[in-house]
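Following: one structure in structure tokens, then a few remarks.
The values are calculated or read from the model by the stated rules, or taken from the named source; none is laboratory data. Just so you know, these numbers come straight off a predicted model, no measurement behind them. Quick reminder, even Gly has a Cβ in these numbers, built from the backbone with ideal geometry, and neighbours come from all protein chains shown. These area figures cover heavy atoms from the full protein model, side chains too; ligands, DNA and RNA do not enter into them. Shrake-Rupley method; radii C 1.70, N 1.55, O 1.52, S 1.80 Å.
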Amino acid sequence: MDALFVPLASATGASLDQIKLISCLLISYPLGSVFIRIPNDKHNLKHLFNVVITLVYFIPVLNLWTGFLQLLLDVVATYIIADRVKGSSMPWIVFAFAMGHLTLNHVIRAMFQLSYETFEVTGPQMVLVMKLTTFAWNVYDGRRPAEDLDKWQKEKRVVQYPSLLTFLGYAFYFPGILVGPYLEFVDYMNLIDGTLFKALEKVDEEKRAALTIPGRLVPRGRKRVAYRKMVMGLVFLGIFVVFGGQYNFSIAVQDGFVSKSLLYRIAIYQLCGFFERTKYYAIWTLTEGASILTGLGFTGTGVNGETRWEGAANVKVWTIEFAPNFKVLLDSWNMKTNVWLRECVYKRVTPKGKKPGFRSSMITFATSAFWHGIAGGYYLTFIFGGFVQTVGRLCRSNLRPLFLPADFVEVRGGPAPPQTLHKKAYDVAGIVLCIFVLNYLAAPFMLLTVKDSILAWSRLAWYGHWIVVGAIAFFYLGGTRWLRRKQAARVKKAGGNATGRTSGTSTPRTGVTLPPLDDIAKEMEKIEFVRNLSN
């Protein structure tokens, strides 16, 4: 089938594999509309539909015969292990098998020096690893007493073991098999039998008629949202095709780059960062739209009665590009992987009755790193990201309260702080700093090698390190105490009480200040850090 895609690849300048991948994502749109028309009581037909379409994608289109067989091996092995092994070791056996196989393929990819324009098995396998390990934990939770489970575990546990065809349908759910999003088994089954839309049955008849398609309990608005996602994805794809070849992080390692002024180098790198991200925006938005057409992602109705489809999202583009702080930014990137790391690694390696700590964080860190691959650039990004997270927390605890009203008490889940002029100025500064640090931080992730990463950073005058290390030095060489004295003075002047949690701060500390590495260890104990390790 390559002859069908060669003219398009030649016309666009993209690789043949890239054209095939995008074509599969686009073909998933009309196929999604076919899938949702299969009656809800025809479960096996829906499972079979997923398997057949995935077979077509992998074999005649992508020519990944052996790749599909490897994925099938992972699926069947997980199915057998989860069924036969009854003890607490079962999820770890599945985890070791799936991650071990993925890491082996990462090594093979590195040995053959395959470029990222080549689409091969590791991409789909990364998605499948999340599915299989999550399923194993869901089955294990289904065998435990309900009182031992938290909310997520109760909602996602698998009590009745599925048939092999059902499991194959879940593993090879066609809109998400190539680049995600991954989904839990319970959510897949809710999609298959229509339980996902059962909440609409509780709506009065007149309103339900306005919200659903006549004769079927399928919410309206699905196509409108899905095809809007498709258009957005194609726009991002077009931007990447037109500008990505010229403006990307690799320009920093080209000989001519160093001859430019430092200001130009830093400025152009910000532009390169956006164009680098557009390829991810494109594929994740395209696959989200295709998933929505199958019915996945329905999250109820909005305040104006419109149907909402946010459950299949893997990225929030606007929030990333205009994030006021790094936590908001990273919470909006690769969102499904964040859930997987939190629920299937971070919580699971924590001993019962204890809070997650440094050990849990480091194991999760290692999992995220190996899941991405073995390139040294990944580890440079992750390690430096730990320092960035530390600075973000220090700013939020010590600097941000000075830009909020002194009498404002910030409570998790409570009202947002008032958008005063000072708060808006703080947020604008945060947006600028976030994007500058993000583009610096992400360079090794795209350049892959340690040599190229160090060269790129050096040609940017190490500006990201100056920002982050300078901030840590400020906070730990007296800045924290000074800022907290300022906070206490503002509270006292406003007639408030400096004790307690006011505007996200606490009473100024006394005594010896911890060195940065100790602070990083404390930061990694927080779940906010772990949820973002995949980025």
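Of note:
- The range 216-315, accessible area per residue, ligands and nucleic acids excluded (1.4 Å, Å²): 42
- Inter-probe distance in nm under a simple model that places probes 7 Å from Cα toward Cβ, at T319 and L73: 3.9
- Extension gain for W65-S259 works out to 65.1 nm (0.36 nm per residue, less the C-alpha to C-alpha distance).
- Estimated FRET transfer efficiency when R0 is 22 angstrom, pair A473-A425 (beta carbons, to 0.05): 0.40
- For the range 237-338, the set of trypsin sites (Lys or Arg not before Pro) satisfying both a DSSP loop assignment and a count of at most 15 other C-beta atoms within 10 Å is given as K260.
- Length gained on full extension, A199 to Q246: 12.0 nm, using 0.36 nm per residue less the C-alpha separation.
- Inverting the pair-averaged 1/r between distinct Cα atoms of the range 18-93 gives 14.7 Å as its Kirkwood hydrodynamic radius.
- In loop segments of the range 293-355 as defined by DSSP, the chymotrypsin sites (Phe, Trp or Tyr not before Pro) with at most 16 further C-beta atoms inside 10 Å of their C-beta are F322.
- For q = 0.10, 0.11, 0.13 Å⁻¹, Debye-computed log10 I/I(0) when each Cα of the range 309-420 counts as one equal scatterer: -0.41, -0.50, -0.69
- Cα convex hull of the range 216-315 - mean projected area over all directions, nm²: 8.0
- Volume per residue of the C-alpha convex hull in the range 1-195, rounded to whole Å³: 123
- Added length on full extension, which subtracts the Cα-Cα distance from 0.36 nm per residue, A209 to L26: 62.8 nm
- Compared with the dominant principal axis of the Cα atoms in the chain, helix 90-111 is inclined by about 80°.
- Shape call, the range 63-118: gyration tensor on alpha carbons, a/c limit 1.5: oblate
- Of the trypsin sites (Lys or Arg not before Pro) found in the range 411-455, the ones in coil according to DSSP and having at most 16 other Cβ atoms within 10 Å of their Cβ are R412.
- Of [x] 22.1, 70; [y] 24.6, 76; [z] 24.3, 92, the label for Rg and Dmax of the Cα atoms in Å derived from the coordinates: [y]
- Inter-probe distance in nm under a simple model that places probes 7 Å from Cα toward Cβ, at N44 and T350: 4.3
- FRET efficiency, V6 to F370 (Cβ-Cβ, R0 41 Å, nearest 0.05): 0.70
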